[in-house]
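S.K.: Mind looking over this structure? Questions follow.
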Amino acid sequence: MARIFTEEGLKKLHAELDERKIKMRQTIADAIKEAKEQGDLSENAEYSEAKRQQNENETRIAELEGMLKDSVVATKQKSSSSVGIGSRLTVKVSGKEMNFEIVGSNEVDPAVGKISNESPLGKEFIGKQKGDTVEVTTPAGKMKYDILSIA
């Protein structure tokens, strides 16, 4: 199954992969070497911790490589007349303006307004245009989002 990313999200994944493969691997290898030089490994907490970090790092590298292998970059829309992946939109809900960016499910960060194209709200926004109203049922009840702008 293809994983959808914005160009920015894909760059971040590549950067994390490079960081883990180059810098973190070396740092962990140095820590393991240092711990081995201390002698008895059976009761060496530093060695055990370094091996745990190595395992964690290698697991994450494998995850990142799998994500990148199956990744698809969301194509930028030529016009910003309708909402798609990569769109930034301003909406009005309950009298307040909010900003959202529609991203692939692996880039979600609600704290900064990045919502998934697969989320209930994201699904409703896809294909809509400036001036449209989107109604979504949330745990707090039905919410109406008026789309003010799309970029």
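S.K.: FRET efficiency for A151 and E19, Cβ-Cβ distance as r, R0 = 30 Å, nearest 0.05?
M.R.: That pair, A151 with E19, gives E of 0.50.
S.K.: Can you give me the orientation-averaged projected area of the convex hull built on the Cα atoms of the chain, in nm²?
M.R.: Hull-based average projected area comes out at 12.2 nm².
S.K.: Here is a further query. Check the stretch 3-73 and count each lysine pair with an alpha-carbon distance under 15 angstrom, considering only pairs eight or more places apart or from different chains.
M.R.: Counting lysine pairs in the stretch 3-73 gives 5.
S.K.: Out of I22, A35, A50, whose Cα points farthest toward the positive end of the dipole of the stretch 3-73 (charges: +1 Lys, Arg; -1 Asp, Glu; placed on Cβ)?
M.R.: It is I22, whose Cα lies furthest towards the positive end.
S.K.: If the viscosity is 1.567 mPa s and the temperature 4 °C, what Stokes-Einstein diffusion coefficient in µm²/s follows for the stretch 3-73 when Rh is the Kirkwood radius over Cα pairs?
M.R.: Diffusion coefficient, whole number: 96 µm²/s.
S.K.: Continuing with the same structure: Which value does Rg/Rh take for the stretch 88-150 over its C-alpha atoms, Rh per Kirkwood?
M.R.: Rounded to two decimals, Rg over Rh is 0.93.
S.K.: Say R0 is 41 Å: what FRET efficiency, to the nearest 0.05, do M143 and V73 get from their beta-carbon distance?
M.R.: 0.85
S.K.: Taking the Cα centre of the chain as the origin and placing charges on Cβ (Lys, Arg +1; Asp, Glu -1), which of S94, L68, L10 is farthest toward the positive end of the dipole?
M.R.: The listed residue farthest towards the positive side: S94.
Here, each number is a calculation from the coordinates, and none is a lab measurement. Keep in mind that what you see is a predicted model, and the values were worked out from it rather than measured. Every residue, glycine as well, gets a Cβ built from its backbone with ideal geometry; the counts of neighbours run over all protein chains shown.
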